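*Asks:* Supplied in structure tokens, the structure appears directly below.
Bear in mind that the values in this text are calculations on the coordinates, not laboratory data. Predicted model only: the values in this text are computed from it and were never measured. Here the Cβ positions follow ideal geometry from the backbone for every residue, glycine too, while neighbour counts run over all protein chains shown.
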Amino acid sequence: MSRKWLIKNGTFAVMNPEKPVINGYMLVENDRILYIGETLPEGAEGEGVESFDGSGLLFLPGLVNTHGHAAMSLLRGYGDDLALQVWLQEKMWPMEAKFTSEDVYHGTALSVLEMLKGGTTTFLDMYDHMDQVGKVAQESGIRAVLTRGVIGLCPPEVQTAKLQDAVSFAKQWHGAADGRITAMMSPHAPYTCPPDYIEKIVQAAHDLDLPLHTHMSETRAEVEQNVRDYGVRPVEHLLKVGLFSRPSLVAHAVHLTDEEIAILAEHHVGVSHNPGSNLKLASGVARVVDLLKAGVTVSLGTDGPASNNNLDMLEEIRLAALIHKGVSGDPTAVPALEALKMGTEYGAKSLFLPEVGRLEAGMKADFIALNVEQAHFLPKTDYISHTVYSAGAKDVEHVWVDGRQVVKHGECLTLDEERIRFEAQKAFEGLLAR
Ligand SMILES: CSC[C@H]1O[C@@H](n2cnc3c(O)ncnc32)[C@H](O)[C@@H]1O
Ligand SMILES: [Zn+2]
């Protein structure tokens, strides 16, 4: 049965450059925005149309987290203040080797709970035991782009089995949960996947007609190793092995030359900028201003909760707006509206979701409402500025995905918070004991 409802007296971040915020109405029918504007269209309030009072609320497109490893919430605080390779090799990978599929379920549920409550309506997840991640996405109502990350530092038969697992997962889950779940293919990184293995993964993505995702150029050491091992920097290397022959999104892309930026732009490769994780692992600061100038779609990701250590996309948006001013000495670097678009519209574009990321008639009804009746949202001047420079996850009052309300007055309607917190703690203790 069709359901129509009308938000009245709301403030909406439509993010048009001339007028980024409007006061007015939004009409939603089932999973789509039917109308948004300053005036009430004739007949919009007809019989059977429910009303929703939007006063005191700022409506934004749902936040889009374009890179992460949700189950790593079980390792939050386990191995802080280390550089990437030490953190991975000495802390994360030994613990992850003990993860059961139940651990992945509980860790992912903890993260999805945090993401939904913080206004994230879509997340990308690269991990193992991906059926469990799919299950959480299905149950919670969140939109998800899921990909079984494969590490190829193993014998050929294990490589084959991992790739087969990634293919089976993608076949089973692409388009699942009424289309809320889509899939990608992911070699973990150029330093963990030999070139011939990446080529096989690219071929599988071709066969399945899916995009690709990988970590790339996260640290200076990684770039130097790539040059030592293959004679070229990672961008040229991935170009050679065919990764950019398909629609692709790379995470981090911190250490790039001008030539590499030009290659990414030419091949329409998206970049998931992960400022919080890059700062914490001391990986460096990505050349976001130059990437944007070159026409690269730059979106935002938290990375896993063990290297961030939260999943607050409003914090990533704020970091993106601040750090590039700091490193460039230019206060106009990454203006507030651009940072907010990186966390919404550009995120959806990076994940190949053309119907998500904007408050616009015809788009999917993925949106959030911030409670702006609080001290840090005054005076009522510039709500884009307040969202980027002043807001945080705790300001998220309501969340809708695909037209369904999943968070109401800060409470998640689809997940059992108490149980999730209990199970996550138990799972971590189990990992320590094994
Ligand atoms: C094969 S599943 C994903 C794999 O990625 C690891 N990981 C988490 N954060 C990062 C990062 O910042 N760079 C590279 N790899 C990362 C995670 O521990 C899993 O093993
Ligand atoms: Zn990552």
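*Asks:* Near the amide H of Ala183, under 5 Å away, which other amide H atoms are found, from residues 5 or more places off or on another chain, if H is placed in the peptide plane?
*Replies:* For Ala183, the qualifying residues are Leu146, Gly175.
*Asks:* Treating the beta-carbon of each Lys and Arg as +1 and of each Asp and Glu as -1, no other charges, what is the dipole magnitude of the chain about its Cα centre, to the nearest 20 debye?
*Replies:* The dipole of the chain has a size of about 200 debye.
*Asks:* Here is the link list: Lys98/Lys162; Lys8/Lys341; Lys293/Lys325; Lys341/Lys364; Lys135/Lys280; Lys280/Lys325. Which ones come out longer than 20 Å on Cα distance?
*Replies:* As for pairs spanning more than 20 Å Cα to Cα, those are Lys8/Lys341; Lys135/Lys280.
*Asks:* If you fit an axis through the alpha-carbon atoms of helix 156-173 and take the longest principal axis of the Cα set of the chain, what angle between them do you get, 0 to 90°, nearest 10?
*Replies:* Taking the Cα atoms of the chain, the angle to 156-173 is about 20 degrees.
*Asks:* Provide, for q = 0.16, 0.20 Å⁻¹, the log10 of I(q)/I(0) from a solvent-free Debye sum over equal Cα point scatterers in the range 276-329.
*Replies:* Each listed q corresponds, in turn, to -0.48, -0.74.
*Asks:* Length gain on complete extension for the stretch Asp330 to Asp209, per 0.36 nm per residue less the alpha carbon to alpha carbon distance?
*Replies:* 39.4 nm
*Asks:* Please compute the volume of the convex hull spanned by the alpha-carbon atoms of the range 107-152 and report it per residue in Å³.
*Replies:* Cα convex hull per residue, to the nearest whole number: 64 Å³.
*Asks:* In addition: Rule-of-thumb check for the chain: C-alpha Rg over 2.2 N^0.38 Å?
*Replies:* In units of the globular-protein estimate, the chain measures up at 0.95.
*Asks:* What aspartates and glutamates could a cross-link reach from Lys408, if we take a straight Cα to Cα line under 15 Å and drop same-chain neighbours fewer than 8 places away?
*Replies:* The reachable aspartates and glutamates, counting only those whose Cα sits under 15 Å from Lys408, are Asp53, Glu114, Asp366, Asp395, Glu397, Asp416, Glu417.
*Asks:* For Lys19, give me every one of the aspartates and glutamates with a C-alpha distance below 13 angstrom, ignoring sequence neighbours fewer than eight places off in its own chain.
*Replies:* Glu38, Asp382
*Asks:* Label Asn30 and Glu259 with points 7 Å out from Cα along Cα→Cβ: what is the distance between them in nm?
*Replies:* Modelled inter-label distance: 5.2 nm.
*Asks:* Based on the alpha-carbon gyration tensor of the range 300-352 and its eigenvalue square roots a ≥ b ≥ c, which shape applies: rounded if a/c is under 1.5, prolate if not and a/b is larger than b/c, or oblate?
*Replies:* Since a/c reaches 1.5 but b/c is at least a/b, the shape of the range 300-352 is classed as oblate.
*Asks:* Whole-Hz ³J(HN,Hα) for each residue in the range 133-139, computed from phi via Karplus 6.51 cos²θ - 1.76 cosθ + 1.60 with θ = phi - 60°, x for glycine and proline: what do you get?
*Replies:* 3J(HN,Hα) across the range 133-139, in whole Hz: 5, x, 4, 5, 4, 4, 5.
*Asks:* Then there is this: In nm, give the distance between the simple-model label positions of Ala83 and Ala433, each being 7 Å from the Cα along the Cα-to-Cβ direction.
*Replies:* 3.7 nm
*Asks:* When the Cα centres of the range 86-103 and the range 256-286 are compared, how far apart do they sit, in Å?
*Replies:* Comparing the Cα centres of the range 86-103 and the range 256-286, I get a distance of 26 Å.
*Asks:* 7 Å from Cα along Cα→Cβ at both Asp165 and Leu279: what's the point-to-point distance in nm?
*Replies:* So the two model labels end up 3.4 nm from each other.
*Asks:* Excluding Val250 itself, calculate the net charge of residues whose Cβ lies under 11 Å from the Cβ of Val250, where each Lys or Arg counts +1 and each Asp or Glu counts -1.
*Replies:* -2
*Asks:* Kirkwood hydrodynamic radius of the range 127-251 from all distinct Cα pairs, in Å?
*Replies:* With all distinct Cα pairs of the range 127-251 included, I get 14.8 Å.
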